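The values are calculated or read from the model by the stated rules, or taken from the named source; none is laboratory data. None of these values were measured; they are calculated from a predicted model. Here the Cβ is made from the backbone with ideal geometry for all residues, glycine too, and neighbour counts use every protein chain on show. For the accessible areas, the whole protein counts, side chains as well, though only heavy atoms, and no ligand, DNA or RNA atoms are used. Shrake-Rupley method; radii C 1.70, N 1.55, O 1.52, S 1.80 Å.
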Amino acid sequence: MTSISSNNNHNQQMRIMRTTVMKKMKKNSSSSSNEEDLYHVIHKVPHGDSPYVKAKHAQLIEKNPEAAIVLFWKAINAGDRVDSALKDMAVVMKQLDRSEEAIEAIKSFRSRCSKQAQESLDNVLIDLYKKCGRLDEQIELLKRKLRLIYQGEVFNGKPTKTARSHGKKFKVSVTQEISRLLGNLGWAYMQKSNYLTAEVIYRKAQMIDPDANKACNLGLCLIKQGRFDDAGSVLGDVLQGKIPGSEDDKAKNKARELLMEVKAIQPPLELSDIVGLDDEFFNGLELLMNAYAPGRSKRLPIFEEISSFRDQLAC
């Protein structure tokens, strides 16, 4: 009897020990898994060992952009997350001053990407064109994106869409997107010294979704045209906090700097500096404004000024 009782106790103790060991192993495994998940979240590196994962590891962990580009190419050729691989590779190339190469890569391989990826690739292309000073291509792409919005092919009839920037998702409204694109378009025309066209575009953008940064650019357009009183009025609105975003120190400083420039004597522009508006584009822009700014004036005074100015030229 004593022997049987002793054996039962021994077996019970063994079961308890096994259970304890299994619990510890499970806990350690869970802890290790949690640490691994946390690592990927912190460093924004996906799981796995595919070419794309290795490329992101080289880009974000090893800080080796050249190696990352090689691995992104491997991912594209292997069909591994091509949408993300092409876009990420172009961004890394831009950081290495290889923007021309990035442009050609997107143009050559975007056909392998999904329909959903095309808009984000366009956004990358716009930045690359701007970086390379390829203004005509930048302007044409911005106009095409505005046409697509007007045709309802971007937001699919919805008032907002989900966008992504630096790994974070956020909502963008139709008016915000139109205003952003118009702001970029206005800046591109500024670089071409087509200040009257840029002014019209910036005024349209401010009608839809005003902000202090575009107001400062509008002020610069007016300064370039020698219209100092108008420029002072626009920039004064920024300093007085009348425009959204005026509380930003960068916007305030920019407005102050431009107001100081207003005080300087500037020669008037020659007639040739303020002609060359794109009639077809502005007719389309009027339709876009009618669709997305229904509570506002359908035609800015500037258009009447342009029309009368042309009439004078015709005479």
Residue 246 vs. criteria open to solvent by 50 Å² or more (accessible area, probe 1.4 Å), hydroxyl-bearing (Ser, Thr, Tyr) and assigned to a loop (DSSP other than H, G, I, E, B): no
Residues of the stretch 132-158 that turn out to be open to solvent by 50 Å² or more (accessible area, probe 1.4 Å), in a helix (DSSP H, G or I) and not charged (D, E, K, R), as a count: 1
Hey, residue 119 assigned to a helix (DSSP H, G or I), free of Cβ contacts under 8 Å to residues at least 40 places away in the same chain, closer than 25 Å to residue 198 by Cα and out of contact with any Lys or Arg (no Cβ under 7 Å at 6 or more places or on another chain) or not: yes
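Examine the stretch 70-84 for a residue that is under 24 Å from residue 149 (Cα atoms) and not charged (D, E, K, R), and state whether such a residue exists.
Step one: of the stretch 70-84, the residues under 24 Å from residue 149 (Cα atoms) are 83-84.
Still in the running and not charged (D, E, K, R): 84.
Yes, the stretch 70-84 contains at least one residue that is under 24 Å from residue 149 (Cα atoms) and not charged (D, E, K, R).
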Test: residue in the stretch 223-235 that is within 14 Å of residue 176 (Cα to Cα), open to solvent by 50 Å² or more (accessible area, probe 1.4 Å) and not hydrophobic (A, V, I, L, M, F, W, C): no
Every pair of residues 6+ apart whose Cβ atoms lie under 7 Å, when the first sits in the stretch 81-97 and is outside any helix (DSSP H, G or I) while the second is of a type in the set (Ser, Thr, Tyr): 81/52
Of the criteria (1) open to solvent by less than 10 Å² (accessible area, probe 1.4 Å); (2) over 30 Å from residue 178 (Cβ atoms), which one residue 106 fails: (2)
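Go through the stretch 55-67 and give me each residue that's part of a helix (DSSP H, G or I), over 22 Å from the mean Cα position of the chain (by Cα) and among the aliphatic types (A, V, I, L, M).
Within the stretch 55-67, the first condition is being part of a helix (DSSP H, G or I), and the residues that meet it are 55-60, 65-67.
Checking the rest, the ones that are also over 22 Å from the mean Cα position of the chain (by Cα) come to 55, 57-58, 66-67.
Residues satisfying the conditions are 55, 58, 67.
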Residue match in the stretch 164-185 (condition: open to solvent by 50 Å² or more (accessible area, probe 1.4 Å), hydrophobic (A, V, I, L, M, F, W, C) and either in contact with a helix residue (DSSP H, G or I) (Cβ under 9 Å, 6 or more places away or on another chain) or within 27 Å of residue 94 (Cα to Cα) (or both)): yes
The one condition in (1) part of a helix (DSSP H, G or I); (2) of a type in the set (S, T, N, Q); (3) open to solvent by 20 Å² or more (accessible area, probe 1.4 Å) that residue 197 fails to fulfil: (3)
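Condition test on residue 188, is it farther than 27 Å from residue 202 by Cβ, in contact with a Leu (Cβ under 7 Å, 6 or more places away or on another chain), assigned to a helix (DSSP H, G or I) and open to solvent by less than 40 Å² (accessible area, probe 1.4 Å)?
On the way: farther than 27 Å from residue 202 by Cβ: no; in contact with a Leu (Cβ under 7 Å, 6 or more places away or on another chain): yes; assigned to a helix (DSSP H, G or I): yes; open to solvent by less than 40 Å² (accessible area, probe 1.4 Å): yes.
Considered against the rule, which asks whether it is farther than 27 Å from residue 202 by Cβ, in contact with a Leu (Cβ under 7 Å, 6 or more places away or on another chain), assigned to a helix (DSSP H, G or I) and open to solvent by less than 40 Å² (accessible area, probe 1.4 Å), residue 188 comes out as no.
Can you pull out the residues in the stretch 75-90 that are over 13 Å from residue 112 (Cα atoms) and out of contact with any Ser or Thr (no Cβ under 9 Å at 6 or more places or on another chain)?
First, the residues of the stretch 75-90 that are over 13 Å from residue 112 (Cα atoms): 88-90.
Scanning the stretch 75-90 gives 88, 89.
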